[in-house]
1. Provide a single number: the residues in the stretch 36-57 that are open to solvent by less than 30 Å² (accessible area, probe 1.4 Å) and either closer than 25 Å to Y70 by Cβ or of a type outside the set (V, I, T) (or both).
2. Go through G127, G96 for me and flag whichever is of a type outside the set (K, R), open to solvent by less than 10 Å² (accessible area, probe 1.4 Å) and farther than 15 Å from A306 by Cα.
3. Take I169 and tell me if it is more than 21 Å from the chain's Cα centre (by Cα), closer than 27 Å to F103 by Cα and part of a helix (DSSP H, G or I).
4. Filter the stretch 315-343 down to residues that are open to solvent by less than 30 Å² (accessible area, probe 1.4 Å) and aromatic (F, W, Y) and give me whichever is nearest to A58 (Cα to Cα).
5. Within the stretch 306-350, count every residue that is at pLDDT 90 or above and hydroxyl-bearing (S, T, Y).
6. Which of the residues belonging to the stretch 240-261 are small (G, A, S) and either within 17 Å of T271 (Cα to Cα) or surrounded by 15 or more Cβ atoms within 10 Å (Cβ to Cβ) (or both)?
7. Within the stretch 72-93, restricting attention to residues that are in contact (Cβ under 8 Å) with a residue 40 or more places away in the chain and of a type in the set (A, V, I, L, M, F, W, C), which residue is surrounded by the fewest Cβ atoms within 10 Å (Cβ to Cβ)?
Amino acid sequence: MSEDTSQKPSRASFGQWVKAAWHVGVRSNWLVYVLAVVVALIIGAILILIAGASVGDAYAAMFRGAIFNYEADSLAGMLAPLTSSIHAASPLIIAGLGLALGFRAGLFNIGGNGQVMMGAIAAAYFGFAFSMPPVIHMLVCIVAAILAGSIYAGIVGVLKARTGANEVILTIMLNSIALLFLRHILTLPTFQQAGSANPRTETIDANAQLPELLPRPFQLNLGIVIAILAAIFVWWYLERSTWGFELRAVGANPDAARTAGMNIGKVTALTMALSGALTGLAGGVQLTGTMKYLDAGVAGSLGFDAITVALLGRNSPIGTVFAGLLFGGFKAGGRIMQVQAGVPIDMVLILQSVIVLLIAAPPFVRWLFRLPKRDRVSMRKYLTLQAEKEVAA
């Protein structure tokens, strides 16, 4: 007997795939992220005009400084800005991953700057105070940074787990303590550069510095490899490990996790320690790969920018990587924009702030652009539903 195929849905055509892609695309959060960047650039353009500068010159300079310098005389010079963006993004990605871990567990770790400082202090001390063989010296500095950040953030985790103390208040205070501690040790003879009145240490040993991956004019060192490995680790930890499952469960519903027999205090302390380990690692990468000496500005706004990166990446490893690359591009391009177009580098901070503001309010972006509400229908599911409707009709 021949099979009746009249009731079977036919294979989707190209046009149906396009409709499915449109249906899913306009309802996805990724479109919201893209539109947030577009709106930020528009607002930035208005402010640039108010400042009396040329919008075209400003954004062209940012593009040349962050992605591709089409005015360079050589191919290497044209591609060098992209490596500068990746170089600037490396510590941002690592610190963002650390803070994202805390956020996934429901812990608002805003002590990234303090943990970055402690990691940088540890890496710097082992970098200039000791002499070791190549590779080993670099690894010792990196491990020291990880341990310093982990211990510093672990203090918060233990206090919250044992006493219920608020991690926001604790991390704010520890940021200030780390800064005061850094300023104090820079007055000590051990941490002062010989023959200099500036509050900075000696340059760390060459063996302690992260090796460059490409020759000049490219600016790319081992930091990006460390950032990628950190992202892979965070993905594995969250998605494939038992501790990561407990972390996500506690972050989603601590009461249900406690009922299921999970130790909330242990998860809290472990998560904060691991979060601090990654932010401390970011400080180590910043010190050994970029600064190469310790001063009061070693952390800059890295810890606070990492909060933005984590939120923009929706606390996911892959999202954090792309958000870090975006902000690394802003950082690298902003310097060129300031020099060549006369636009203050604070404009970059405005762009970042607007992006975060819009990312934090997806319904507003959807309302602004008249986008439909988000749903979780995939392209394949959409095509299946449409085919079933055709058969039913």
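1. Taking the stretch 36-57 and keeping what is open to solvent by less than 30 Å² (accessible area, probe 1.4 Å), we get 36, 39-40, 44-45, 48, 53.
Next cut, either closer than 25 Å to Y70 by Cβ or of a type outside the set (V, I, T) (or both) only: 36, 40, 44-45, 48, 53.
Of the residues in that region, 6 qualify.
2. Working: G96 fails: farther than 15 Å from A306 by Cα.
After applying the criteria, what remains is G127.
3. Working: more than 21 Å from the chain's Cα centre (by Cα): yes; closer than 27 Å to F103 by Cα: yes; part of a helix (DSSP H, G or I): yes.
Yes: the conditions hold for I169.
4. F330
5. Of the residues in that region, 2 qualify.
6. First, the residues of the stretch 240-261 that are small (G, A, S): 241, 244, 249, 251-252, 256-257, 260-261.
Those that are small (G, A, S) and either within 17 Å of T271 (Cα to Cα) or surrounded by 15 or more Cβ atoms within 10 Å (Cβ to Cβ) (or both): S241, G244, A249, G251, A252, A257.
7. Looking only at the stretch 72-93, we keep the residues that are in contact (Cβ under 8 Å) with a residue 40 or more places away in the chain, and these are 76-77, 79-81, 83-93.
If we keep only those that are of a type in the set (A, V, I, L, M, F, W, C) as well, we get 76, 79-80, 86, 88-89, 92-93.
On the way: A76: 14, L79: 16, A80: 20, I86: 23, A88: 24, A89: 27, L92: 27, I93: 33.
The qualifying residue surrounded by the fewest Cβ atoms within 10 Å (Cβ to Cβ) is A76.
Listed here are the residues, each with its yes/no results for (1) aromatic (F, W, Y); (2) assigned to a helix (DSSP H, G or I); (3) open to solvent by 80 Å² or more (accessible area, probe 1.4 Å).
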position: P217; (1), (2), (3): no, no, no
position: I228; (1), (2), (3): no, yes, yes
position: W235; (1), (2), (3): yes, yes, yes
position: L238; (1), (2), (3): no, yes, no
position: L278; (1), (2), (3): no, yes, no
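The values are calculated or read from the model by the stated rules, or taken from the named source; none is laboratory data. Predicted model, so just to flag it, every value in this text is computed and none were measured. Glycine also receives a Cβ, built like all others from the backbone with ideal geometry; neighbour counts cover every protein chain displayed. Heads up: the accessible areas ignore ligands, DNA and RNA and are worked out on the full protein's heavy atoms, side chains in. Shrake-Rupley method; radii C 1.70, N 1.55, O 1.52, S 1.80 Å.
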